[in-house]
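*Asks:* Here it is, the structure, as structure tokens.
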Amino acid sequence: MKLHEIVNELSLQVKSYGGGLERDVTGGYVSDLLSDVMANSKEGNLWITLQTHENIVAVASLRNLAGIIIVNKREPPWGTLKKAEDEKITIMTTQMSAFEVAGKIYQLLICGHM
């Protein structure tokens, strides 16, 4: 499934690097611990987190993730968005909780619908 399809289905707000919306999404990973994401996420995953600092961009780039979804109405600071643009990492935000976002993405990717 393409990232833009998930953005549309979940009404996510794209905050950085819209050029990444054609990426294939292979799965999702939910964690707020950077070392956990570095150790366990897989290439093409969407990372669901409440973290907003610049280091999330470095982790997403290192693991070649499809993008980052920031949950719970949190907004990334300007520095994080600038780094994401530079690194070509798509950051999206939502008012939903991590639990809700993960469930919806699971339904889309595994079941083919919500």
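The values are calculated or read from the model by the stated rules, or taken from the named source; none is laboratory data. These numbers come from a predicted model, not from an experiment. As a convention, Cβ positions derive from the backbone with ideal geometry for all residues, glycine included, and neighbour counts pool all protein chains shown. In case anyone asks, the SASA skips ligands and DNA or RNA and just uses the protein heavy atoms, side chains included. Shrake-Rupley method; radii C 1.70, N 1.55, O 1.52, S 1.80 Å.
*Asks:* For LYS88 and GLN107 in the same chain, what is the full-extension length gain: residue separation times 0.36 nm, less their Cα-Cα distance, in nm? Could the numbers behind the result be given before it?
*Replies:* Numbers: separation 19, 0.36 × 19 = 6.84 nm, distance 2.68 nm.
Taking 0.36 nm per residue and subtracting the Cα distance, the gain is 4.2 nm.
*Asks:* Then there is this: Tell me, how many Å apart are the Cα centres for segment 12-46 and for segment 56-83?
*Replies:* Taking the Cα centre of each part, segment 12-46 and segment 56-83 sit 8 Å apart.
*Asks:* Take every DSSP beta bridge whose two residues both sit in the chain, then give the antiparallel share in percent to the nearest 5. All intermediate terms of the calculation are to be shown ahead of the outcome.
*Replies:* Numbers: 4 of 15 bridges.
For the chain, the DSSP antiparallel bridge percentage is about 25.
*Asks:* Classify segment 3-111: rounded, prolate or oblate, from the alpha-carbon gyration tensor (a ≥ b ≥ c, eigenvalue square roots; a/c under 1.5 rounded; otherwise prolate if a/b is larger than b/c)?
*Replies:* On the way: a/c = 1.29, a/b = 1.21, b/c = 1.07.
Rounded is the answer for segment 3-111, as its axis ratio a/c remains below 1.5.
*Asks:* Just to confirm, what accessible area per residue do you get for segment 3-111 at 1.4 Å probe, in whole Å²? Before the final figure, lay out each step's value.
*Replies:* Numbers: 5430 Å² over 109 residues.
Counting only protein heavy atoms, the per-residue value for segment 3-111 is 50 Å².
*Asks:* If each DSSP helix of 4+ residues adds -39,500 (n - 2.57) and the sum is divided by the residues in the chain, what number results at 222 nm, nearest 500 deg cm²/dmol? Don't jump to the answer; show the numbers that get you there.
*Replies:* Values: 5 runs with 43 residues, N = 114.
That comes out to -10500 deg cm²/dmol.
*Asks:* Figure the gain on full extension for SER97 and ASP24 (residue separation times 0.36 nm, minus the Cα-Cα span) and round it to one decimal in nm. Mind dumping the intermediate values first?
*Replies:* Values: separation 73, 0.36 × 73 = 26.28 nm, distance 2.30 nm.
This chain segment gains 24.0 nm when fully extended.
*Asks:* Under a cut-off of 24 Å between alpha-carbon atoms, report the lysines in cross-link reach of LYS83, not counting same-chain residues fewer than 8 places apart.
*Replies:* By straight Cα distance, LYS83 reaches LYS2, LYS15, LYS42, LYS73.
*Asks:* So, one more: Please name which of ILE6, GLN107, THR80 has its Cα lying farthest along the dipole of segment 3-111 towards the positive end, using unit charges on Cβ (Lys, Arg +1; Asp, Glu -1) and the Cα centre as origin.
*Replies:* THR80
*Asks:* For the chain, with all protein chains present and a 1.4 Å probe, just round the carbon and sulfur fraction of the accessible area to a whole percent. Provide the component values of the computation, followed by the final result.
*Replies:* Numbers: 2900 of 5830 Å².
Here it works out to 50 percent.
*Asks:* Follow-up. Using a simple charge model, +1 on the beta-carbon of Lys and Arg, -1 on the beta-carbon of Asp and Glu, nothing else, what dipole does the chain show about its Cα centre, in debye to the nearest 20?
*Replies:* Values: 11 positive and 13 negative charges, 15 e Å.
It comes to approximately 80 debye.
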